[in-house]
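Here the structure is laid out as structure tokens; the discussion comes afterwards.
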Amino acid sequence: MAAVKMAIDILDKFYKTSAKAKVDLSLAQGPLDDAPDAGFDNGEAYQGAGAESGGIIGMMEVIQSDFERTISETNKAEAAAEKDHLEFTTETQKSLAEKKVALKESNKIKDETDSNFSDASDNLDSQTGILKTSIKELMELKAACVDTGMSYADRVAMREQEIASLKKALCILGAYAEYGPDGLADAC
């Protein structure tokens, strides 16, 4: 654009000065008729196609305005792109921060859950060991208590006999305190 402005300035100065140009014939040597035909009369100065000067300068001014418009549009586009980039960066940073916080919370919950699972697993293993030991002891006691080789009726009879014996023992102990060793036979 600077070069176009310089060209417009040079052309403008050229056309303004060439319109006033005159030929100094005092320095001419020989007859004036000897000069070749240059498209204008002898003694007439070249005035730089002044009629076309408006078209040339106008065309240069159009080029200059195109440059100015392009620069203006580019500056606007760059400002809009910078604004969009700033908004995008801000939104991205915000989203990234939210995701980092969510990840941190998720990891914290996962760690707590893993710890709780480990504790529960250890507790389950401990309780399972206790249960196995209890079942083993129960199986050992079953043989001694349930599988005695007696029928149900025999066990009931033995239990009633044991209860009667215990009642008699209780009576003897009570009578001993009341009657002494001699009165035991009559009391129970």
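Here the residues Ile130, Ile172, ranked from fewest to most Cβ neighbours within 10 Å of their Cβ, fall in the order Ile130, Ile172. The stretch between Ala164 and Glu82 holds 19.0 nm of extra length on full extension. This uses 0.36 nm per residue minus the Cα-Cα distance. About the centre of its Cα atoms, region 106-168 shows a dipole size close to 460 debye [charges on the beta carbon of Lys, Arg (+1) and Asp, Glu (-1) only; nearest 20 debye]. Note on Ser151 and Asn123: with the Förster distance fixed at 45 Å, the Cβ-Cβ geometry gives a FRET efficiency of about 0.55.
Peptides 61-69, 163-171 ranked from most to least packed by the mean count of surrounding Cβ atoms within 10 Å: 61-69, 163-171. Computed FRET efficiency, Cβ-Cβ of Leu131 and Ile109, R0 30 Å: what is it to the nearest 0.05? For Leu131 and Ile109, the calculated efficiency is 0.45.
Every number here is computed from the coordinates shown, using simple stated rules; none is lab data. All figures in this text were calculated on a predicted structure; none of them were measured in a lab. Glycine also receives a Cβ, built like all others from the backbone with ideal geometry; neighbour counts cover every protein chain displayed.
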